[in-house]
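Here is the structure we will look at, set down as structure tokens.
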Amino acid sequence: MNHAFAFATIALLALGSACQQAAVAPEGGTGLVGEWRWVLSQGGFTGKQTNTPASTGTTQTWLFRADSTYQAYTTRQGTPQLTDSGTFSLGSAPSIYTGRPDRALRLRGRQAQQVYIVQELSSHRLRLADNYPDGFGHTYER
């Protein structure tokens, strides 16, 4: 009986690890790995502030790698600049929106640590929400 319990525990741990890896790895184009271009941010104090590459004069790109590292670039006047880099993970975090754990993206960069609530992760769109009051929702596309 003890051996069956140990086997079941190991099988569940392996399955959990595979599920988390699948969320990061590019399976069918739905993983986080790859290049994401910022297209829109909405929110702020009034909830109605909208920022786009056209309105800010900048483009932002995130590059997520299969080894759980990322790089963030901002381009102004045609010149890309590395603005942050570090490690990332997908998991869960207490959400200010639902009051319970939700799917979350954690960035551990040189500049700061950030937790975003993942609202959508598909083959072509990534939608994240700042996990604090008066934050923004951010949309990225491949």
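The values are calculated or read from the model by the stated rules, or taken from the named source; none is laboratory data. Computed from a predicted structure; not experimentally measured. In this analysis, Cβ positions are derived from the backbone assuming ideal geometry, glycine residues included, and neighbour counts consider all displayed protein chains.
For the range 87-129, filtering for residues that are under 22 Å from residue 39 (Cα atoms), of a type in the set (Lys, Arg) and at pLDDT below 95 leaves 0. Residues of the range 121-139 that are assigned to a strand (DSSP E or B) and farther than 19 Å from residue 47 by Cα: 121, 125, 126.
The residue that is surrounded by the most Cβ atoms within 10 Å (Cβ to Cβ), counting only those in the range 56-71 that are part of a strand (DSSP E or B) and of a type in the set (S, T, N, Q), is 60. Just so you know, in the range 92-120 the residues that are in a strand (DSSP E or B) and of a type in the set (Val, Ile, Thr) include one that is surrounded by the most Cβ atoms within 10 Å (Cβ to Cβ), and it is 117. Residue count for the range 73-91 satisfying the condition of being surrounded by fewer than 14 Cβ atoms within 10 Å (Cβ to Cβ), part of a strand (DSSP E or B) and among the small types (Gly, Ala, Ser): 1. Could you identify the single residue in 61, 56 that is closer than 18 Å to residue 128 by Cβ and within 19 Å of the chain's Cα centre (by Cα)? Testing whether each residue is closer than 18 Å to residue 128 by Cβ and within 19 Å of the chain's Cα centre (by Cα) leaves just 61.
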